[in-house]
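Structure record follows, encoded as structure tokens.
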Amino acid sequence: MTDDFEARFDRLILLVGRLNYVWTNTESLLIHLIAGLSGTSKDVAVIIFLTLNTTRARIDLVERLAKMDGRPASVRDPILEHTQRLSRLSGIRNKFNHCIYSFDQETGNPKTILMRIADRKTDIKLGREDTVDEQAMQEIEDVVAQLSAANQEIWRLISKLGYPV
């Protein structure tokens with residue numbers, strides 16, 4: 001592998017690491033929303049959060065609690081905005097976490113190979129490959145920035161609603 005290949009791969013790994021850190025830090029804020037919406041302590045909410053083993057399940061729970069009868073729109077609507085935002089941003093995180101990496105020998109660009117089986121009507125498709133070019137790197141950086149902003153906004157909402165911290 002040449003120095004250029006290594007530099008591109010190092011940049012990708014650093015970006016994916018940053019993406020994972022920011023994602024995990026932001027997803028954990030759902031704990032405070034679970035506690036506040038369910039009227040329980042943060043410790044109980046942590047147990048609920050950890051028992052639900054997917055992001056989708058955690059977001060579904062928060063959304064369902066927010067939509068319960070009697071929940072004022074001033075509480076429900078900002079929470080739903082944040083959960084929908086997290087759902088949209090989860091796609092790129094999933095893409096870069098559920099793959100293996102290789103290199104395009106001609107360009108030196110890293111490639112992702114999706115670790116998923118796509119069942120078709122009469123066959124299966126394995127390992128879709130995508131090139132991680134400069135545009136893809138920028139997309140990761142953009143999602144990291146959006147997650148950082150979401151994190152700060154969710155913290156402000158938690159504080160405004162007086163939910164357990």
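The values are calculated or read from the model by the stated rules, or taken from the named source; none is laboratory data. It should be emphasised that the depicted structure is a prediction, and the values quoted were computed from it without experimental measurement. Glycine also receives a Cβ, built like all others from the backbone with ideal geometry; neighbour counts cover every protein chain displayed. Side chains included, ligands, DNA and RNA excluded: accessible areas come from the protein's heavy atoms. Shrake-Rupley method; radii C 1.70, N 1.55, O 1.52, S 1.80 Å.
Ignoring ligands, DNA and RNA, what percent of the accessible area of the chain is carbon or sulfur (1.4 Å)? Accessible surface attributable to carbon and sulfur in the chain totals 51 percent. In the chain, the calculated helix contribution to ellipticity at 222 nm averages -22500 deg cm²/dmol per residue, counting -39,500 (n - 2.57) for every DSSP H run with n ≥ 4. Comparing ILE100, ILE113, ILE124 in a Gaussian network model of the chain, where Cα atoms under 10 Å apart are tied by springs, the biggest mean-square fluctuation is seen for ILE124. On a per residue basis, the chain carries 59 Å² of accessible surface, using protein heavy atoms and a 1.4 Å probe. Length gained on full extension, ASP104 to VAL75, computed as 0.36 nm times the residue gap minus the Cα-Cα distance: 5.6 nm.
Using unit Cβ charges (K, R positive; D, E negative) and no other charged atoms, how large, in debye to the nearest 20, is the dipole of the chain about its Cα centre?
Details: 22 positive and 23 negative charges, 197 e Å.
For this selection, approximately 940 debye.
For an R0 of 45 angstrom, estimate the FRET efficiency from the Cβ-Cβ distance between ALA118 and ILE48 and round to the nearest 0.05. Let's see the in-between values first.
Working: r = 33 Å, r/R0 = 0.73.
After rounding to 0.05, the efficiency reads 0.85.
Within straight-line reach of LYS160, meaning a Cα separation under 24 Å, sit the following lysines at least 8 residues removed in sequence or on another chain: LYS42, LYS67. Candidate membrane-span-like segments in the chain, meaning DSSP H helices with Cα atoms spread over at least 24 Å of their own axis and a Kyte-Doolittle mean of -0.5 or above, are 3-27, 134-161, with no membrane implied. Quick one: compute the contact order of the chain, relative version, from alpha carbon pairs under 8 angstrom and 6+ residues apart, as a percent. Answer for the chain is 30 percent. Springs join every pair of Cα atoms under 10 Å in this Gaussian network model of the chain, and among ASN94, ASN53, ASN151 the largest mean-square fluctuation is at ASN53. Binning the C-alpha pair distances of the chain at 10 Å intervals from 0 yields a P(r) profile of 10, 32, 27, 19, 10, 2, 0 %, listed from the shortest bin outward. As a calculated quantity, the FRET efficiency between ASP130 and TYR21 at R0 = 22 Å, using C-beta atoms, amounts to about 0.45. The lysines within cross-link reach of LYS95, meaning a Cα-to-Cα straight distance under 21 Å and a gap of 8 or more places when in the same chain, are LYS111, LYS125.
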